[in-house]
Structure formats: structure tokens, C-alpha cells
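Worksheet: one structure, shown below.
The values are calculated or read from the model by the stated rules, or taken from the named source; none is laboratory data. Remember, it's a predicted structure, so these values are computed and weren't measured experimentally. Here the Cβ is made from the backbone with ideal geometry for all residues, glycine too, and neighbour counts use every protein chain on show.
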Amino acid sequence: MKRYHQQGFLLGCANTVKDENGNLEEGMGNSGILFNHAYGIQQVKEVDGLSLIRIRNPWGQGEWTGNLLMKTKLGMIIKV
């Protein structure tokens, strides 16, 4: 992923959540990631052996609330 990002490719990721019948669920996980929603990958970094990505909700709403959440000098958000 880091190589593709460095080469200028547009990258994205998504989260798919289905119920026991295979139907898409609506909602948000405990970490703030919306179910069945795509995000743009803005940055790919490796810090102290830990691979990190910065994603953006194209709707511009919500914020990651899981682990690894704090501003750093690199512009990444990390919570310990």
C-alpha cells in the first residue's frame, strides 16, 4: 500500500457489516467507523515499526475514537 501511495495512486478502504441474514447493517462501530461506508486513504506511514494510514470520510463527518488517536508531528493521529 505504501508503494502505491508513493506512486500517486488513489487509494480507498471500506468497512462491510452484515447481519445473520446477509443484509447490510446501518450504524457505526465503537471506533467511529461507519458500517458499509468507503473512506479515502490520505497518508500511509510507518512509525517505529507500526504501519499507519490516515483515512478521510468523504462526507466529512465523524472521527476515529478507537486506539491510536492523538496528533503527532507527522500529522498522524495516535492514541496510546
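Filter segment 1-16 for residues that are of a type in the set (A, V, I, L, M, F, W, C) and out of contact with any strand residue (DSSP E or B) (no Cβ under 7 Å at 6 or more places or on another chain); which is nearest to Q61 (Cα to Cα)? So that I can check it myself, show each step before the final result.
Of all residues in segment 1-16, those of a type in the set (A, V, I, L, M, F, W, C) come to 1, 9-11, 13-14.
Going one step further and asking which of them are out of contact with any strand residue (DSSP E or B) (no Cβ under 7 Å at 6 or more places or on another chain), we end up with 9-10.
Numbers: F9: 24, L10: 21 Å.
The selected residue is L10.
Checked against (1) surrounded by fewer than 10 Cβ atoms within 10 Å (Cβ to Cβ); (2) at pLDDT 85 or above; (3) in contact with a strand residue (DSSP E or B) (Cβ under 9 Å, 6 or more places away or on another chain), N36 passes all but a single condition, namely (1). Pick from segment 39-64 the residues that are under 11 Å from the mean Cα position of the chain (by Cα) and modelled with pLDDT under 80: which of them is farthest from R3 (Cα to Cα)? That would be E63.
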